[in-house]
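Novice: This is the structure I have questions about; it appears just below.
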Amino acid sequence: MHDPHSPLIRLAKRDAMPRGQVWAIRGASFVAAFLISALIFLLMGHSPVEAYGTMISGSLGKPTAIRQTVRIAIPLLGTALAIAPCFKMRFWNIGAEGQITAGAVGASYFALFWADKLPGPALLVVMAIAGAICGGLWGLVPAFFKAKWGTNETLFTLMMNYIMIGVVKWLQGGPWEGRPGSQIIPQFDSAAVLPKVLGVHCGWIIVLIMTVAMFVYMKYTKQGYEIAVIGESENTARYAGMNVGRIIMRTMFLSGAMAGLVGFIVASGADNTLHSGVAAGVGFTAITVAWLAQLNPFAMIAISMLLGILEKGADTLQTRLEVPASISDIITGIFLFCMLGCEFFINYRLILRGGHKEVAKQ
Amino acid sequence: METVHAIELKHITKRFGKVVANDGVDLALNRGEILSLLGENGSGKTTLMNMLSGIYLPDEGEILVGGQPVSIRSPKDAYRYGIGMIHQHYKLVEVFTAAENIALGLSGKDHDRKTIAAQVQAISDKYGFGIDPNKKVYDMSVSEKQTVEIVKVLYRGAEILILDEPTAVLTPQETDRLFDILRAMKADGKAIVIITHKLHEVMAISDKVAVLRKGKYIGTVNTADTNPQKLTEMMVGHAVTLNIDRPQAKYKDLRLEVKGLNCLGGEGLPVLKDINFQAFGGEILGIAGIAGSGQKELLESIAGLQKAQSGHIFYYPPHPNSDIAGNHVPVDKAGEELVGKTPGQIRKVGVSLAFVPEDRLGMGLVGGMGMVDNMMLKTYKDNPGPFVDRKPPKALAEQLIEELEIVTPGVSTPVRRLSGGNVQKVLVGREIASTPTVLMTAYPVRGLDINSSYTIYRLLNEQKMKGVAVLLVGEDLDVLLELCDRILVLCGGQVSGVVDGPTATKEEVGLLMTHVGGGKEGERHA
């Protein structure tokens, strides 16, 4: 029976889709992103082939280019790992930006004032621990309020970002200012700088270790199990005898501590100083990484590298083809949109009027 | 000569993806007739009726109203053809009066409140509803709200009424009153479809019974020519015994003592008021009451999930010679106070409480996890070290699949994907496997087919025979009266009375459900 009055397009939730089909859709969304971006390049008067070539060679073409791409990916991966347990718990921590910054402040204190008092390796260890504790405490504040009074963690963690960035601005212009009037904190002593391994600061080793640790933590530990149960249903967690408030605070401390460690890595390894832009939006981009990887730590490696390639490639576009910076941003945006958007087609199907045919194209 | 049916369905088929919800259903109903649509959960009753009320469109087949083929595309269309549906969950605005609710959604300017109130009054008098058009919905009992829903569809000119499980939330007395109204409407020439799975109600009210099984139309019989046993066989597909056992346990010893328990609900209002009762090992204590009379809070208080304002819950360990003694750390003192303890603390002192909550996937289980991870929900901390040990829960999951015939693709398939009966077997199985001394269950057979329901009753009886104190919150009074040794009746958060299972009558329990102490005019809570 064909009914002209039924709606043109209907949405229906899908059952679980076979793995192959899921990857086919993801591949198709990637192709779609390439095609749409190609259109933008054409409109701007550039050959898409040349543009993509430039992006690839600029991000992966030479060892130096690869190193720079990795440098972009390191904090993304570390922060995505940090927020993964919160998101698994459905605690929407969008305060990684502030937690990174808090960690960087903690590490910088020792880099600036203890460099001559501690031997090199010990200084770095103390900086790392200080970074983790500061980040962890900064993350603990919203968790405490959530556990005690049920405050909204999304707004709370977001606002905490601005406070911490403000603190760094004050430090920059006040107590930690280098040359008076410069508004800049001096460069770290070389003892406070992370050593390089294979040409990139050794933060990459730290985040790879974090990846494995986080995988094991989420999958095989009691704490990881508690986090998963709370994420599914707080009622069930209480029923099972879990202390939900304590677990929320513990998890947020852990998450903040990992973000703080990233702050230490960036300040010590990449920037060699502290400034208010130390987090540079990583705390937000990492949400995309975590989400695209569906909270799987190993998938996060690939996704953060991919975002590194996009960012570095877009940078190269600007310098070599003189494409405006906004166009690079648009290209990055298109890729992210297509990648996130395809999850919609994995979870829902479209039904056109008069039939049960699935719409497979993007 | 062929009579023109009020409504006729010809070979209606509806599919959802691969699932065939209705497969070639034929139905015919005349004016002045009541038809019961009978079938187990998931047999397609509601889907079929939703096609009549314009919520779904059939994939195949024809609907005829008064002999004319029609296409019902929306609830508005349904009203135009004189079809009105009374849903299981009422769709009323709490702060409006009955008349305002009835007028809601009607177009046109000639619907001023006074006229509507007068018309509502007229309908009410005609069929003996006895509703006050100016009463606010929040002041109404469940049965009054249902009445408003019925008047609403009558007001809109419905000639064909569909009632989806109308008695599920009513007391026996209210059910009788509803049936009187249905008979009055039948006498007035209305065609009525009532969806239900309570057999004695089918026998009491209907002229014809149509039976569905797993989406398939099994047949229509005249009520006068059938009996509950035959109908069950049509519904299930094979012979079943409908008797529930009530064996006597060896030991009967005091297990729980609740004294002067008071609790506040989410809105700061008292939900439990001065509750006093005792529960014994080797006994099934039924808990009856209108939905929302404090059943949930009572069980959750005992489980340590609900904070008590005042009062005591004392736990007494089982007799040292009984089967269930000494399975866990023994409780070191008789009369262990449970009030003020969390579920974890209760477990730690050695009280082995099993709790099958009403909300199976939202409280008792983790829907997104497989059976293995659900098995270890309460025991994951038992092994030393920071890592979980998935071997014992996996063994338990496999054991339960075999013992309880749980149908699942595998031990790691998310339990959310299992059918309702299998979900409940997973939950009850896990709780019983913890060798409890107290087993609390809330609506354990809700949504289950007949076979699964009887499996659950059997499991409860087994636990009772072992000396476990079983607390059973139920809604089907017939089952409670057959299964329980004693029944505690709640009314508006108070204990309204305790009756003996073998001797109590349904009417007696029904009266206690609405009036504290069974008196004439007690306090009444919706």
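Novice: Rounded to the nearest 500, what is the protein assembly as shown's calculated 222 nm mean residue ellipticity when only DSSP H runs of at least 4 contribute -39500 (n - 2.57) each, over all residues?
Specialist: Calculated from helices alone, the mean residue ellipticity at 222 nm is -14500 deg cm²/dmol.
Novice: Residue-wise, which Karplus ³J(HN,Hα) couplings in Hz belong to segment A:58-70, taking 6.51 cos²θ - 1.76 cosθ + 1.60, θ = phi - 60°, and x for glycine or proline?
Specialist: x, 9, 10, x, 10, x, 5, 5, 4, 4, 5, 4, 4
Novice: Here's something else I'd like to know. Quick check for me: using +1 on Lys/Arg Cβ and -1 on Asp/Glu Cβ, what's the dipole size of segment B:1-143 about its Cα centre, in debye to the nearest 20?
Specialist: Dipole magnitude for segment B:1-143 comes out near 380 debye.
Novice: If you build a Gaussian network model of chain A, linking Cα atoms that sit under 10 Å apart, which residue out of A:166, A:58, A:308 swings the most?
Specialist: A:166
Novice: Return the lysines within reach of residue B:135: Cα separation strictly under 21 angstrom, same-chain partners fewer than 8 residues apart disregarded; answer none if there are no such residues.
Specialist: Result set, ordered by chain and number: B:91, B:114, B:126, B:145, B:152.
Novice: Please tell me the relative contact order of chain A in percent, rounded to the nearest whole number, where contacts are Cα pairs under 8 Å and at least six residues apart.
Specialist: Once divided by the residue count of chain A, the mean separation gives 35 percent.
Novice: Have a look at B:292, B:275, B:229 and report the one farthest towards the positive end of the charge dipole of segment B:229-309, computed about the Cα centre with Cβ charges (Lys/Arg +1, Asp/Glu -1).
Specialist: Among B:292, B:275, B:229, the one farthest towards the positive end of the dipole of segment B:229-309 is B:229.
Novice: Let me ask something additional. ³J(HN,Hα) across segment B:379-391 via Karplus (A = 6.51, B = -1.76, C = 1.60, θ = phi - 60°), whole Hz, x for Gly/Pro?
Specialist: 3J(HN,Hα) across segment B:379-391, in whole Hz: 10, 4, 8, 5, 7, x, x, x, 9, 7, 10, 8, 6.
Novice: Specify the inter-centroid distance of segment B:116-172 and segment B:363-380, based on alpha-carbon positions, in whole Å.
Specialist: If we compute the Cα centre of each part, the gap is 43 Å.
Novice: DSSP loop trypsin sites (Lys or Arg not before Pro) in segment A:235-343 with at most 13 other Cβ atoms within 10 Å of their Cβ, which ones?
Specialist: none
Novice: Also, I was wondering about something else. Please provide three numbers in whole Å: the alpha-carbon extents of chain A along the principal axes, with the largest listed first.
Specialist: 83, 61, 35
Novice: Within 10 Å of each residue's Cβ, count the other Cβ atoms and sort B:323, B:500, A:315 from fewest upward.
Specialist: By the 10 Å Cβ count, ascending: B:500, B:323, A:315.
Novice: What residues have an amide H closer than 5 Å to that of residue B:308, excluding those fewer than 5 places away on the same chain, when H is modeled at 1.01 Å from N in the peptide plane?
Specialist: Under 5 Å from the amide H of residue B:308 lie the amide H atoms of B:340, each far enough along the sequence or on another chain.
Novice: Determine the relative contact order of segment B:8-97: mean sequence separation of Cα pairs under 8 Å and six or more apart, normalised by residue count, in whole percent.
Specialist: 27
Novice: Could I ask something else about it? Looking at the square roots a ≥ b ≥ c of the eigenvalues of the Cα gyration tensor of segment A:235-313, which shape do they give, rounded for a/c under 1.5, prolate if a/b is larger than b/c, or oblate?
Specialist: Verdict is oblate for segment A:235-313.
Novice: Continuing with the same structure: In whole Å, how far is the Cα centre of segment A:111-138 from that of segment B:383-422?
Specialist: Centre-to-centre (Cα) distance: 47 Å.
Novice: If you find the alpha carbon centre of segment A:146-173 and of segment A:52-70, how far apart are they in angstrom?
Specialist: Value for the Cα centre distance between the two parts: 36 Å.
Novice: Over segment A:74-130, what lengths in whole Å, largest first, do the semi-axes of the equivalent ellipsoid take, defined as the square roots of 5 times the eigenvalues of the alpha-carbon gyration tensor?
Specialist: Semi-axes, largest first: 29, 11, 8 Å.
Novice: Also: Please compute the alpha carbon radius of gyration of the protein assembly as shown, then divide it by the globular-protein estimate 2.2 N^0.38 Å. Two decimals is fine.
Specialist: For the protein assembly as shown, the normalised Cα radius of gyration comes out at 1.14.
Novice: Given the pairs B:10/B:208; A:148/B:273; A:62/A:196; A:222/B:378; B:45/B:198, which span a C-alpha to C-alpha distance of over 23 angstrom in this model?
Specialist: Violating the 23 Å limit, Cα to Cα: A:148/B:273.
Novice: Count charges around residue A:326 for me, please; just the other residues with Cβ under 15 Å from its Cβ, Lys/Arg as +1, Asp/Glu as -1.
Specialist: -4
Novice: In percent, how large is the relative contact order of chain B, given Cα pairs closer than 8 Å and 6 or more residues apart?
Specialist: Once normalised by length, the contact order is 15 percent.
Novice: For residue A:221, list long-range residues whose amide hydrogen, built 1.01 Å from N in the peptide plane, is under 5 Å from its own amide hydrogen.
Specialist: Long-range HN contacts for residue A:221: B:388.
Novice: With labels modelled as points extended 7 Å from the Cα through the Cβ direction, what inter-label distance (nm, one decimal) is found for residue B:229 paired with residue A:322?
Specialist: The modelled label-to-label distance comes out at 9.7 nm.
Novice: Among rounded, prolate and oblate, which fits chain B when a ≥ b ≥ c are the square roots of the eigenvalues of its C-alpha gyration tensor, a/c under 1.5 means rounded, and a/b larger than b/c means prolate?
Specialist: prolate
Novice: Another question about this same structure. With no solvent and one point per C-alpha, what does the Debye sum give as log10 I(q)/I(0) for segment B:286-422 at q = 0.12, 0.13, 0.14 Å⁻¹?
Specialist: -0.63, -0.74, -0.85
Novice: Turning to a different aspect of this structure: Please identify every one of the trypsin sites (Lys or Arg not before Pro) in segment A:97-176 that sits in a loop by DSSP and has no more than 10 other beta carbons within 10 Å of its own beta carbon.
Specialist: A:117
Novice: Something else now. If we count every other residue with Cβ under 15 angstrom of residue B:379's Cβ, Lys/Arg +1 and Asp/Glu -1, where does the sum land?
Specialist: +4
Novice: Only Lys, Arg, Asp and Glu count, each charged at its Cβ (+1, +1, -1, -1), so figure out the dipole size of segment A:204-362 about its Cα centre, rounded to 20 debye.
Specialist: 520
Novice: How are the Cα pair distances of segment B:1-146 distributed, in percent, across 10 Å bins from 0?
Specialist: Per 10 Å bin, starting at 0, the Cα pair percentages come out as 10, 31, 31, 23, 5, 0.
Novice: How large is ³J(HN,Hα) for each residue in segment B:157-163, as worked out from phi by the Karplus curve 6.51 cos²θ - 1.76 cosθ + 1.60 (θ = phi - 60°), to whole Hz, x for Gly and Pro?
Specialist: So the Karplus estimates, Gly and Pro as x, are x, 5, 9, 10, 10, 10, 10 Hz.
Novice: Please report Rg (one decimal) and Dmax (integer) in Å for the Cα set of segment A:126-242.
Specialist: 19.6, 59
Novice: Excluding residue A:192 itself, what net charge comes from residues whose Cβ is under 13 Å from its Cβ, given Lys and Arg +1 and Asp and Glu -1?
Specialist: With Lys, Arg at +1 and Asp, Glu at -1, the neighbours total -2.
Novice: Suppose every Lys and Arg Cβ carries +1 and every Asp and Glu Cβ carries -1, with no other charges. What dipole size does segment B:176-254 come out with about its Cα centre, to the nearest 20 debye?
Specialist: Taking the Cα centre of segment B:176-254 as origin, the dipole is about 240 debye.
Every number in this text was worked out from the coordinates using simple rules, so none of it is lab data. Small disclaimer: the values here were computed from a predicted structure and weren't measured. Here the Cβ is made from the backbone with ideal geometry for all residues, glycine too, and neighbour counts use every protein chain on show.
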